[in-house]
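Taking it in order: structure first as structure tokens, then the write-up.
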Amino acid sequence: MLQPSQYPLHISFKIWTLSPNRVSVTDNQGKLLFVIRQKAFRLKEAIIVYGDEQLSQPLYEIRADRIIDFSARYNFSDTKGSDLGGIKRQGLRSLWSAKYDIFNRLAATTSMMTIQEDDPWIKVLDALFSEIPIVGMFTGYVFNPSYTLARNSGTNVMKLSKIPGFLSRNFTIQKVDQLDPQEEIQAILSILMMIFLERRRG
């Protein structure tokens, strides 16, 4: 799938556009890897991952296992319907510091990896700063959270960092340890779904 030389990956979505639920992912050479589109007005979350700008090449689908719910699990599949695992927020434990479990299979109850917010205070300060008239418009330049993806053994494998921006939200994904192809796509899909969910929290 992705070669180490293509990292870091770059994630970008506009926040003041007619299509706020559209996200693009490029490699370090500027090559488009994915375009993610969230289906609007669905009781159950549904996100399609495409391989082209025209949204004509669907690659993966992310679906919630229940009607919109804080503890919903989001399952991944390819275009053939093959199970690629999923991600689930750690319920009330994520109210302060965001933490997500990544699963290898649909039926799995034990996670293989986790995504952990590095400093929850950044989120608090961002929320407070955004309430200040006019000045709050520039919160995207000041407070930029980061997240670490790690195996259950404690080995860090990826790092997600938000970079300053005004009219868009931009992130980078750094790979810090080796992953097999399936682990890699599970990790990337998990990060993308987490960004959609965390964006609603500010």
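The values are calculated or read from the model by the stated rules, or taken from the named source; none is laboratory data. It should be emphasised that the depicted structure is a prediction, and the values quoted were computed from it without experimental measurement.
Being part of a loop (DSSP other than H, G, I, E, B) and under 23 Å from S111 (Cα atoms) is the filter here, so list the residues in the stretch 48-77 that pass it.
Residues of the stretch 48-77 part of a loop (DSSP other than H, G, I, E, B): 51-57, 65-72.
Once the filter is applied, which keeps residues that are part of a loop (DSSP other than H, G, I, E, B) and under 23 Å from S111 (Cα atoms), the stretch 48-77 yields D65, R66, I67, I68, D69, F70, S71, A72.
Filter the stretch 41-81 for residues that are polar (S, T, N, Q) and at pLDDT 90 or above and give the result.
At the first step, the residues of the stretch 41-81 found to be polar (S, T, N, Q) are 54, 56-57, 71, 75, 77, 79.
Residues satisfying the conditions are Q54, S56, Q57, N75, S77.
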